[in-house]
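Have a look at the structure below, then the notes.
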Amino acid sequence: MSSGATEGRLSRYESQKRRDWNTFGQYLKNHRPPLALSRCSGAHVLEFLRYLDQFGKTKVHTPGCLFFGHPCPPGPCPCPLRQAWGSLDALVGRLRAAFEENGGHPATNPFGARAVRLYLREVRDSQAKARGITYEKKKRKPPPPLPPPPPPAVSPATSMLHPDLNSMSLGNVDCQSYQYGHVIMPAGQAGEEVVMAIVDPCHGAFLPLSVFN
Ligand SMILES: [Zn+2]
């Protein structure tokens, strides 16, 4: 069964599955009290998964940690390392298949137990929260729109203008434009640019724009 020729043709998945199955067998052998595969339940699988956490390499922040929810924390913290949810999920899948390939009955497959499914879901959700990852939404996001260019510097004269047009002194600016809904007025110099401000009477808001000399 484990001849060199077969070994060479094993896919990565198959050899990983074989390694996992051997690891699990080793775990059962070292279990105190000793545990036979036939008596293995979902609870024992959970025990095995928790045991594997000590070899994990994924930092999972506790809710009290400053970096809780950060996908890429900027510094170290004392939070524990765990097995990543994705690794556990794939491992359980391989062991579930291996159990049946090694003569186990699907109905009694401990790796398919409801408790194991619930545990994996819990690990997924808590790691998603702790690390700021939402596993459900793995679809690609469209690139974010370019940020709008920063508004030109507005001189103090402009910001002093009162948005209430009825009481506004427009100086020598032609008031005709008012009937089109906008009043354009020179609002001061900013370097080489003449900064203009459009006052929208509907919203009382300033829309600064710059005009080159
Ligand atoms: Zn932390």
Report summary line: Sorted by chain and number, the residues with a modelled amide H under 5 Å from that of residue 59, at a separation of 5 or more or across chains, are 82
Query raised in the report: Based on the alpha-carbon gyration tensor of the range 1-127 and its eigenvalue square roots a ≥ b ≥ c, which shape applies: rounded if a/c is under 1.5, prolate if not and a/b is larger than b/c, or oblate?
Result: prolate
**Report entry** J(HN,Hα) series, the range 123-132, from Karplus relation 6.51 cos²θ - 1.76 cosθ + 1.60, nearest Hz, glycine and proline x
**Finding:** 4, 4, 5, 6, 6, 5, 5, 5, 10, x
**Report entry** Förster-model FRET efficiency, 30 Å R0, residue 39 and residue 19, C-beta, rounded to 0.05
**Finding:** 0.80
Query raised in the report: For the range 9-131: lysine pairs with Cα atoms under 22 Å, gap of 8 or more or different chains, count?
Result: 4
Query raised in the report: Per-residue HN-Hα couplings for the range 27-36, Karplus 6.51 cos²θ - 1.76 cosθ + 1.60 at θ = phi - 60°, whole Hz, x for Gly and Pro?
Result: 4, 5, 5, 8, 5, 10, x, x, 10, 7
Query raised in the report: Want the number for residue 65 to residue 87: 0.36 nm per residue separation, take away the alpha-carbon distance, what's left?
Result: 5.6 nm
Report task. Run the numbers on the range 9-131 and let me know its relative contact order in percent, using alpha-carbon pairs under 8 Å that are six or more apart. Result -> 34
Query raised in the report: How far apart, in nm, are the 7 Å Cα→Cβ label points at residue 102 and residue 47?
Result: 1.6
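Bear in mind that the values in this text are calculations on the coordinates, not laboratory data. The model shown is predicted, which means the values in this text are computed figures rather than measured ones. Here the Cβ is made from the backbone with ideal geometry for all residues, glycine too, and neighbour counts use every protein chain on show.
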